[in-house]
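The values are calculated or read from the model by the stated rules, or taken from the named source; none is laboratory data. No experiment lies behind these values; they were computed from the predicted model shown. Reconstructed Cβ throughout: ideal geometry from the backbone, glycine too, with neighbour counts over all protein chains shown.
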Amino acid sequence: MQKGLAAVILAAGKGTRMKSALSKVLHPICGQPMLYYPLEAARQAGFKQLKVVVGHQAEQVMEAFPDKDLTWIKQTDQLGTGHALMCAADSLRGYSGPLLLHCGDVPLLQPGTLQQLQNYHSQQKAAVTVLTAQMPNPQGYGRIIRDGEQILQIVEEKDASEEQRQVTEINAGTYLFDTAFVLSALKGLNKNNSQGEYYLTDIVAAAVTAGLKTRALCVEDPTEVMGINDRCQLAEAEVLMRWKINADLMFGGVSMTDPTTAYIDNGVEIGTDTTLNPNVHLRGKTSIGKNCIIETGVVVVDSEIADGTHLKAGSAIEESRIGPGCTIGPMAHLRPGTVLTGNNKIGNFVEMKKSVLGEKSQASHLSYIGDSEVGCNVNFGCGTITCNYDGVNKHKTTVEDDVFVGSDCQFIAPVTIGRNSLIAAGSTITKDVPPDSLALSRTEQKNIEGWRLRKQKKS
Ligand code: UD1
Ligand code: CA
């Protein structure tokens, strides 16, 4: 038997209303699959044993969450939310604490709310405590039928009378149960309803019949309990979550010219006095230092950007590490494995891949630098190309400190340029260059005087 409070999280449904080949709980919201959020909320609220019920696309869901603290429970046929909890019954044998049941499609619920629900449940000594909300538009949710503090019943929209549909207090789909009670009451559920499913919501009426206490905790902010059933709700939830992420960052000292167009994934870190211009995308495991300027159209994925860096318009950076004080772009593309040590300048239409640039080295215009190790104070002229691929294998270019590369040079890798050398403009370098040398590999210029005039006369 594992230790700590137990929670069952439902994630087996197909999500029919999403009209998707992908399981509903794997659809991303601010960079994480939807199910990430209910799991994280339960963890942060102190639930240690997390039992996740999966069915539809179970393998993909399990693969997406390799976390050690999860127990997976298979629900082969999805016969309803009540049936889903029945499937988890075996794994709860011997557990006597309060049981949290939470749904995988309610991503905005905050850990603090789960804690409140649990506190209220134990304080009230209820058999069932339901999390509810007042929804201006309750359509699609189960309705809460009360007699004062006692909840008599939850009625699904499809089974509700005209009068019951007028009720605006809805079931969030999150509950705290007395474990022994709910496990025995599950056996009494039936499928006599409009959807022919075992409704977990029927547990409430069962508690009332057994003469037990049922309670509800109504959340202050109804958007927290929003359930995601279709792609409109998915987009709506993402807007709300994005706003929260951006607000937290702004309260933490980050400026955003237009926070409605700052697309920042959950978990991205940004230092103080960094400014984001409109339409910036910061994704995945990304961190941005202090005093940075991120201009419009910049996309950063899984990268570290140190303090005082200026990312100019339209630049894309993936799986790269950028040291302090760099200027990048406009329209630069740093592909995986790029490391800029610090105070580097990467200009417009420069592409880099799997390359390290030492302190203060720069490539200001129109270059491709791939599979390279470059020292400090190296200057790549406009149009420098590392020819790293011979059609079969990739080869390395090494450029030592203080090398000056004139414009329009190609390095046919593998090749090494010794420190403090100068590569003359227009050279194609096929052999290693010793230190302190001049390398020049272009044919000597020939001027044929009067040639043009003679041609013109003939025609
Ligand atoms: C459910 C509630 C409803 C509540 C709403 C809140 C029931 C009968 N209804 O309705 O009162 O207002 O949530 O969002 O419980 N699932 C399984 N196995 C199943 C069926 C569902 O794991 O056999 C999972 C789904 O993957 C989903 C969750 O349970 O994560 C809720 O199921 P869903 O079909 O979305 O229920 P709702 O119709 O939204
Ligand atoms: Ca739902």
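A few remarks follow.
- Filter result (more than 16 Å from ligand 1 (Cβ to nearest atom) and of a type in the set (D, E, K, R)) within the stretch 91-125: Arg93, Lys125
- Residue ID - nearest to Glu236 (Cα to Cα), chosen from residues in the stretch 1-20 that are away from ligand 2 (no atom under 12 Å from the Cβ) and modelled with pLDDT under 95: Gly4
- When Leu366 is tested against the conditions (1) within 24 Å of Ile429 (Cα to Cα); (2) surrounded by 19 or more Cβ atoms within 10 Å (Cβ to Cβ), the lone failure is (2).
- From the list Val167, Val239, the lone residue that is surrounded by fewer than 21 Cβ atoms within 10 Å (Cβ to Cβ), in the same structural domain as Pro138 (by TED's automatic domain parsing) and out of contact with any His (no Cβ under 7 Å at 6 or more places or on another chain) is Val167.
- Only one of Tyr95, Tyr141 that is touching a residue at least 40 places away in the same chain (Cβ under 8 Å) and farther than 17 Å from Ile203 by Cα: Tyr95
- Contacts under 6 angstrom Cβ, first residue in the stretch 161-173 being touching a residue at least 24 places away in the same chain (Cβ under 8 Å), partner more than 11 Å from ligand 1 (Cβ to nearest atom), 6 or more apart: Thr168/Gln134; Glu169/Gln134
- Some residue of the stretch 127-139 being away from ligand 1 (no atom under 16 Å from the Cβ), at pLDDT 95 or above, more than 17 Å from Cys103 (Cβ to Cβ) and surrounded by 24 or more Cβ atoms within 10 Å (Cβ to Cβ): yes
- Residues within the stretch 316-360 that are hydroxyl-bearing (Ser, Thr, Tyr) and buried (at least 23 other Cβ atoms within 10 Å of the Cβ), tallied: 3
- Output for the stretch 107-137, where each listed residue is assigned to a helix (DSSP H, G or I) and of a type in the set (S, T, N, Q): Thr113, Gln115, Gln116, Gln118, Asn119, Ser122, Gln123, Gln124
- Test for Gly46: is it assigned by TED's automatic domain parsing to the domain that holds Lys213, more than 24 Å from Arg215 (Cβ to Cβ) and either in contact (Cβ under 8 Å) with a residue 24 or more places away in the chain or aromatic (Phe, Trp, Tyr) (or both): no
- Selection count where residues are touching a helix residue (DSSP H, G or I) at 6+ places or on another chain (Cβ under 7 Å), in a loop (DSSP other than H, G, I, E, B) and hydrophobic (A, V, I, L, M, F, W, C), scope the stretch 1-22: 1
- With respect to (1) in a loop (DSSP other than H, G, I, E, B); (2) surrounded by fewer than 20 Cβ atoms within 10 Å (Cβ to Cβ); (3) within 38 Å of the chain's Cα centre (by Cα), the lone exception for Ile228 is condition (2).
- Test: Asn266 is assigned to a loop (DSSP other than H, G, I, E, B) and within 14 Å of the chain's Cα centre (by Cα): yes
- Exclusive hit being touching a helix residue (DSSP H, G or I) at 6+ places or on another chain (Cβ under 8 Å), within 16 Å of ligand 2 (Cβ to nearest atom) and in a strand (DSSP E or B), set Val25, Val53: Val53
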